[in-house]
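Engineer: First, the structure itself, so that you have it in front of you.
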Amino acid sequence: MSENSTGTNGPSGLGTPSKIRIVVADDHPIFRDGLCRLLALEEDFEVVAQAEDGRQVLDVLQQHEPDILLLDLKMPGLDGLATLQRLQIAKNKTRVIVLTASDDKNEFVQAMKLGTSGIVLKQTATELLIKSIRKVHAGEIWLDSHTTAAVIRQFVANEEAPARSFPPPPPVRERERSPLSQREREIVALVAQGFKNKEMAEKMFISEQTVKNHLHNIFDKLGVSDRLELALYAIHNNLHTGR
């Protein structure tokens, strides 16, 4: 995959893609060690260090400068959110994926405001965690399907939140060929507000298939691959209000 070759901190060799360098931070040794063993099975991953609390995280990141930090929110001493605050102040470039057993949506929203690039629940299948690491390393944002709507709604409602506190929007690839029509802009706004296809169809007095057709065209024009990328693009480009 192309995202596997985008690392810049790993060892480089002729024809050998750089590995994604990972730090795992969790206060439960059995979980932490087991996760590290799983990640080590992936040829493009390298676990460079572990940490059991936030203060260790700060030291380890300074020492190793990894690509990805897998961060538990519930740690003794300096917890996950406090650690994210420190990293944001320090303008640390390591991309963070929160790996948590918590189901507190407010914590998820706060984590995203503090620069988190992904949220993965600990009960998630291993292959999805692996996929999230590669996606985040490639510059994308990863949210569990259960957290997406809550995060987007919070950001849409909280207009006074400074734009710089949110991770950068997905890049618009070289495929934007023509501007969005007024109807397409309306659909983009509704997607960003959390409406489903059927709800949009009813609201706009069109068929659900017509909504799907519009979405297909919008994805193609903007170069986004799913509704989350579209919603984030809309928020960052002030399209989420429909104005």
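Engineer: Can you run phi through the Karplus equation (6.51, -1.76, 1.60; θ = phi - 60°) for region 39-54 and list ³J(HN,Hα) in whole Hz, with x for Gly and Pro?
Structural biologist: Going residue by residue, I get 5, 5, 6, 8, 5, 9, 10, 9, 7, 8, 6, 10, 8, 10, 7, x Hz, with x marking Gly and Pro.
Engineer: Would you pull out the residues with amide H under 5 Å of residue 74's amide H, same chain only if 5 or more places away, H placed 1.01 Å from N?
Structural biologist: For residue 74, whose amide H was placed from the backbone, the distant partners under 5 Å are 80.
Engineer: Give me the extension gain from residue 40 to residue 181: residue separation times 0.36 nm, minus the current Cα-Cα distance, reported in nm with one decimal.
Structural biologist: 46.0 nm
Engineer: If you don't mind, another one. Step through the residues of region 77-83 one at a time and calculate ³J(HN,Hα) from phi using the Karplus curve (6.51 cos²θ - 1.76 cosθ + 1.60, θ = phi - 60°), rounding each to whole Hz and writing x for Gly and Pro.
Structural biologist: x, 7, 7, x, 5, 5, 5
Engineer: Sticking with this structure for a sec: Taking amide H positions as placed in the peptide plane 1.01 Å from N, state which residues far from residue 142 in sequence (5 or more) or on other chains have amide H under 5 Å from it.
Structural biologist: 118, 119
Engineer: Of 113/221; 19/93; 93/135; 19/135; 91/113, which pairs sit farther than 19 Å apart, going by alpha carbon to alpha carbon?
Structural biologist: Violating the 19 Å Cα-Cα cut-off are 113/221.
Engineer: Given a Förster radius of 35 Å and the C-beta distance between residue 28 and residue 196 as r, what FRET efficiency does 1/(1 + (r/R0)^6) yield to the nearest 0.05?
Structural biologist: That pair, residue 28 with residue 196, gives E of 0.40.
Engineer: When we measure straight from the Cα of residue 198, which aspartates and glutamates land under 15 angstrom away, once same-chain ones fewer than 8 places off are left out?
Structural biologist: 186, 208
Engineer: Multiply the residue gap between residue 209 and residue 55 by 0.36 nm, knock off their C-alpha separation, and tell me the result in nm, one decimal place.
Structural biologist: 50.2 nm
Engineer: Let me ask another. Apply the Karplus curve 6.51 cos²θ - 1.76 cosθ + 1.60, θ = phi - 60°, to the phi angles in region 129-136 and return the couplings in whole Hz, x for Gly and Pro.
Structural biologist: Computed from phi, the couplings for region 129-136 are 4, 4, 5, 4, 4, 5, 5, 5 Hz.
No lab work stands behind these numbers, since they all come straight from the coordinates. Here the structure is a predicted model, which means the values were calculated and not measured. Because the Cβ atoms are built from the backbone with ideal geometry, glycine has one as well, and the counts that use them run over all protein chains shown.
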